[in-house]
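Each reported figure results from applying straightforward, stated rules to the coordinates on display, with no laboratory input. Every value quoted in this text rests on a predicted model; they were computed, and no experiment measured them. Here the Cβ is made from the backbone with ideal geometry for all residues, glycine too, and neighbour counts use every protein chain on show.
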Amino acid sequence: MIKFGVAGNSQSFFDEGHTTTIEAAPWCAARGIDIFEYSFGRGVNLPEATARKIGDAFKANGVEMSVHAPYFVNLANPDPEMISKSYNHITSSCKKVCDFGGDRVVVHPATQGKVTREEARVTMLDNARRLVDVLGEAGYGDIKICFETMGKLAQMGTLDEIVEICALSPSFYPCIDFGHINAREQGILNNAENYNTIFKKLNDSMPKYKISGMHIHFSKIQFGAKGEIRHLTFEDTQYGPDFRPLMEIIRSLSLEPVVISESDGTQAEDTVTMKNYFRSIGGIVREH
């Protein structure tokens, strides 16, 4: 069954006087939100005991959890010491998602740096291959590592690059960020056919279980010549993409992904909007 969730807390959560992540558990459940993505973007620094309390609270309210690994991960860095740090960011994130009771970690793959795109790609894939062993040795071989499509031209993470990484391990899943793709490609997702092109490439390139169970990030994003500038809300009318063609394709293909809203401050409201629309077109959703 498809799951709709949020990346962190909405402004409305704070406006109502809430302050802690534990309070978000019943808050999300009351709004029909299925999954909460906890970001360790600036580093993994949450004590185990606190993580377990948070995980228990969400479990008690029937809301799942996923994790976003630190933004510092860069598998295209040629420095072995820096790669070791990237591996540690990912394994530390895996530890936290286990503490939360979840099984998905979203990872930004790399930045290009000063080398050519091809040189960065080769280094990234080589280090991603080694990551498979690192995860297995640490006991996290079953955690879904969801490599994200990125929104800036200087970042690694085109759809083709994510497909290549995901081929390296059964536990490497795509995290398709449609807002990032739209920003990187200068507004390409302006019609349903271009959404179909993405799903056709995925269908031609990876096993069905990874497509059906993919991780999805969605938001409208302002973009410029170099790609992503900033996340927006569904109220924006200048930039895209529109979520409705995506919901219709997911429904038509009978997929069961995790869909996370990354809207700027309205992620809960926009998640509910997507879930209600999916229900309205005959999609089966979880009822809390």
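Table for the structure above
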{"item": "Candidates Thr116, Thr266, Thr91, ranked by Gaussian network fluctuation over the chain, Cα under 10 Å, top entry", "result": "Thr116"}
{"item": "Fraction of beta bridges assigned by DSSP in the range 3-280 that are antiparallel (%, nearest 5)", "result": "20 percent"}
{"item": "Amide H partners (placed H, <5 Å) of Met65, local residues excluded", "result": "Phe36"}
{"item": "Which listed pairs, of Lys53/Lys220; Lys95/Lys210; Lys85/Lys275; Lys96/Lys275; Lys3/Lys85; Lys3/Lys226, have C-alpha distances above 29 Å, in listed order", "result": "Lys53/Lys220; Lys85/Lys275; Lys3/Lys85; Lys3/Lys226"}
{"item": "Amide proton proximity set for Lys152, modelled H, under 5 Å, gap of 5+", "result": "Glu228"}
{"item": "Choice from Ser171, Ser93, Ser12 with maximal GNM fluctuation in the chain (Cα, 10 Å cutoff)", "result": "Ser12"}
{"item": "Computed magnitude of the charge dipole of the range 17-176 (debye, nearest 20; Cβ of K, R +1, Cβ of D, E -1)", "result": "340 debye"}
{"item": "The range 201-288: C-alpha gyration tensor shape, a/c 1.5 cut-off, then a/b vs b/c", "result": "oblate"}
{"item": "Across the chain: Cys residues that no other cysteine approaches within a C-beta distance under 4.7 Å", "result": "Cys28, Cys94, Cys98, Cys166"}
{"item": "Bins of 5 Å, starting at 0 and running to the largest distance - Cα pair percent for the range 127-223", "result": "3, 13, 23, 23, 18, 11, 6, 3, 1"}
{"item": "Debye equation applied to the C-alpha atoms of the range 3-280, log10 I(q)/I(0) at 0.07, 0.10, 0.13, 0.17 Å⁻¹", "result": "-0.23, -0.48, -0.85, -1.49"}
